[in-house]
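Each remark here refers to the structure printed beneath this line.
The values are calculated or read from the model by the stated rules, or taken from the named source; none is laboratory data. Computed from a predicted model, the values in this text were never measured in an experiment. Cβ coordinates were reconstructed from backbone atoms using ideal geometry, including for glycine residues, and neighbour counts include every protein chain displayed. Ligands, DNA and RNA are excluded from the accessible area calculation, which covers all protein heavy atoms including side chains. Shrake-Rupley method; radii C 1.70, N 1.55, O 1.52, S 1.80 Å.
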Amino acid sequence: MRIILVGPPGAGKGTQAARLVDHFRLPHISSGDMFRSAIEAGTELGKTAKGYMDRGDLVPDDVTIGMIMERINQPDCAAGFMLDGFPRTLPQAEALQESLASAGISLNAVVLIEVPDSEIIRRVVGRRLDPQTGQIYHINFNPPPVEIADRVIQREDDTEVTCRSRLQKYHSETAAILSFYDDLGLLRRVDGNCSPDDVARSVIRALS
Ligand code: ADP
Ligand code: ADP
């Protein structure tokens, strides 16, 4: 099964991906997580990505496409994958489509998690991550348990200013991929503005 999760920053892509990969037993490939790991490791890729991410800009297509293509060609992706946060531009979607077509494989579905802009800032600014497990929390909606409360971190780009810029990029760049996938008959829209359990149920329904 080859699935893509799309949605604005803070829509719940990572939260849902964590549940879905358990359900479908697929590798979870998050472009944002890959960039953050590269930054942490101090690689050239990380150095290139950091400036763009700190500003809330998209990392250039050639860098992002190269990173993801290399990843989905790994053996653990042979039977399928769940992409989270890629593609985010039309050239990225086209490059992925071309690469899959030339390998004779296709996508099963592109799930759009829809959340109104008015909800996004709250979600992003309150997001916290457990660096040890990668678990995603929210200071109000899903607070970290007391025993790990002092080790959770906030992403550097999860400020209100940067979030507004990411949201703007989502509308100006990423919205274009929705009609691309709709034309291919792959787009499934899911209401992301309800509890994580309800969203998970809707996603699974959309995929079955
Ligand atoms: P994305 O990967 O799309 O940026 P995340 O999964 O990291 O989004 O979620 C962003 C923030 O919103 C996190 O703090 C998460 O705990 C919270 N969140 C995710 N899904 C929901 C939901 N359905 N309702 C309320 N908060 C949510
Ligand atoms: P979110 O969905 O919460 O906005 P991500 O973790 O998916 O966050 O992405 C964080 C940042 O990483 C983005 O703001 C962008 O700078 C960069 N990034 C991630 N995926 C892509 C992509 N497909 N194309 C370009 N930049 C990306």
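What the table shows:
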{"quantity": "Which numbered condition LEU207 fails, given (1) open to solvent by less than 50 Å² (accessible area, probe 1.4 Å); (2) within 16 Å of the chain's Cα centre (by Cα)", "calculated": "(2)"}
{"quantity": "Elements of type helices (runs of 4 or more DSSP H) in segment 1-104, at least 2 residues being within 14 Å of ligand 1 (Cβ to nearest atom) and free of Cβ contacts under 8 Å to residues at least 40 places away in the same chain", "calculated": "31-41"}
{"quantity": "Residues that are crowded, with 17+ Cβ neighbours inside 10 Å and hydrophobic (A, V, I, L, M, F, W, C), drawn from segment 190-204", "calculated": "VAL190, VAL199, ALA200, VAL203"}
{"quantity": "Residue count, segment 73-96 (criterion: farther than 18 Å from GLY7 by Cα and open to solvent by less than 20 Å² (accessible area, probe 1.4 Å))", "calculated": "2"}
{"quantity": "Residues satisfying the stated conditions in segment 118-134, i.e. over 22 Å from GLN168 (Cβ atoms) and either free of Cβ contacts under 8 Å to residues at least 60 places away in the same chain or basic (Lys, Arg) (or both)", "calculated": "ARG128, LEU129, ASP130, PRO131, GLN132, THR133"}
{"quantity": "Residue pairs meeting the criteria (Cβ under 7 Å; at least 6 apart or on separate chains; first on the phi < 0 side of the Ramachandran plot, in segment 171-196; second of a type in the set (Lys, Arg))", "calculated": "GLU173/ARG88; THR174/ARG88"}
{"quantity": "Any hit, segment 176-189, residues being at pLDDT 95 or above, among the basic types (Lys, Arg), part of a helix (DSSP H, G or I) and open to solvent by 80 Å² or more (accessible area, probe 1.4 Å)", "calculated": "no"}
{"quantity": "Test for ILE68: is it buried (at least 16 other Cβ atoms within 10 Å of the Cβ), within 26 Å of GLY192 (Cβ to Cβ) and among the aliphatic types (A, V, I, L, M)", "calculated": "yes"}
{"quantity": "All positions within segment 152-168 that are at pLDDT 95 or above, open to solvent by 50 Å² or more (accessible area, probe 1.4 Å) and within 16 Å of ligand 1 (Cβ to nearest atom)", "calculated": "ILE153, GLN154, THR159, GLU160, ARG164, GLN168"}
